[in-house]
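Colleague: Pasting a structure here, questions to come.
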Amino acid sequence: MTKISEIFASFQGEAGRAGMPSLWVRFFGCNLECQGFGQEFPMEPDTYKKDVFDFNVIKEMKDVPVPQFGCDSSYSWSKQFKHLVRRMSIDEIVTELLALGKDRFDMDEFEWTNLRTGQPIQLCFTGGEPMLNQKTMLEILKELDRRESNVHYITIETNGTKLAKKEFLNYIWVNGLDLEWAVSPKLFSVSGEACVVFPEVIDTYAGSWVPEFPINIKFVVNGTEACWDELDSIMIKFLDKFHGSGTAYWIMPEGATIEDQTQKSVADIVNEGMRRGFKIATRNHIAVYGNQVGT
Ligand code: SF4
């Protein structure tokens, strides 16, 4: 049985495949906590503020409020939300995905395309940290194949701290699946997590033993001087490691709510990001669905 935080249908809101209708598997569990997000002083844990929720009234995922402080997906790893976790078999996960695709996207379950336009629908693994679940991701893909359900586009959203397993990438390559990585390494000056950016780990995602899978690297930034300085020094390592590989670099302004994302300071962050040569990842799903999890 696998611990699943939620299975939902939405569109890809950020980065490379933004706009693509997507079926999501959000795993429960993460190796980081990122409590510095939304804090005035992310590098000083003693100053952290906390959201106060009444966990007794949170009975299902739609009741989960979007937090102001810390990880915006804490419901996908924090023990306080463990009563919402679903323990699901591979068969149950796949059955639910296909039913959801049919219901929400009028999806041809054998082709993962819309029945009218033929446009593709992708499968997106997120978390928590999905790279803690490579065996399960592999089993889901194998079960889809067993059911002759030909998913083609896959995105994995990861914090980039866990090595990719050869068996997992080989399966994707051998079966001709179109995998895109959405890697979000966490800056200390924004997330409060120190020393968790590992270009050499992210390098394993490209698959040096197989043709390359595209990698998008997305940094959440808060526009402080400390943040830009840290990003500058980290980018030296990335540009050295991934030189000529076509890796795309994005920034995303910090903020989990529509109020955060429409502050005037966001425009300043975006302008500075473009000046420094980044693509801009805005959180389009928040503009559409508002402050709601499962979108
Ligand atoms: S890596 Fe992502 S899911 Fe994990 S704690 Fe940080 S922001 Fe949250």
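Values quoted throughout were computed directly from the atomic coordinates according to the rules given, and no laboratory measurement underlies them. Small disclaimer: the values here were computed from a predicted structure and weren't measured. A quick note on method: Cβ atoms are made from the backbone with ideal geometry, for glycine too, and the neighbour counts reach across all protein chains shown.
Colleague: Which fully enclosed strands (runs of 3 or more DSSP E) of region 60-174 have 3 or more residues being more than 16 Å from the ligand (Cβ to nearest atom) and touching a residue at least 60 places away in the same chain (Cβ under 8 Å)?
Modeller: Passing ranges, in order: 86-88.
Colleague: Next up: Kindly indicate whether any position in region 28-49 is touching a residue at least 60 places away in the same chain (Cβ under 8 Å), within 14 Å of the ligand (Cβ to nearest atom), under 30 Å from I121 (Cα atoms) and crowded, with 20+ Cβ neighbours inside 10 Å.
Modeller: Yes: region 28-49 contains one or more residues that are touching a residue at least 60 places away in the same chain (Cβ under 8 Å), within 14 Å of the ligand (Cβ to nearest atom), under 30 Å from I121 (Cα atoms) and crowded, with 20+ Cβ neighbours inside 10 Å.
Colleague: Let me ask you something else. Is one or more of the residues making up region 15-24 within 16 Å of the ligand (Cβ to nearest atom), farther than 22 Å from C227 by Cβ and within 16 Å of the chain's Cα centre (by Cα)?
Modeller: Yes, some residue in region 15-24 is within 16 Å of the ligand (Cβ to nearest atom), farther than 22 Å from C227 by Cβ and within 16 Å of the chain's Cα centre (by Cα).
Colleague: Given (1) surrounded by fewer than 16 Cβ atoms within 10 Å (Cβ to Cβ); (2) on the phi < 0 side of the Ramachandran plot, where does I202 come up short, assuming only one miss?
Modeller: The single condition I202 does not satisfy is (1).
Colleague: Continuing with the same structure: Give me a count of the residues in region 175-197 that are farther than 18 Å from G127 by Cα, polar (S, T, N, Q) and within 16 Å of the ligand (Cβ to nearest atom).
Modeller: 1
Colleague: So which residues in region 3-14 are away from the ligand (no atom under 16 Å from the Cβ) and either more than 25 Å from M107 (Cα to Cα) or in contact with a Pro (Cβ under 9 Å, 6 or more places away or on another chain) (or both), if there are any at all? Lay out the reasoning, then the answer.
Modeller: First, pick out the residues of region 3-14 that are away from the ligand (no atom under 16 Å from the Cβ): 7, 9-12.
Hits for region 3-14 are A9, S10, F11, Q12.
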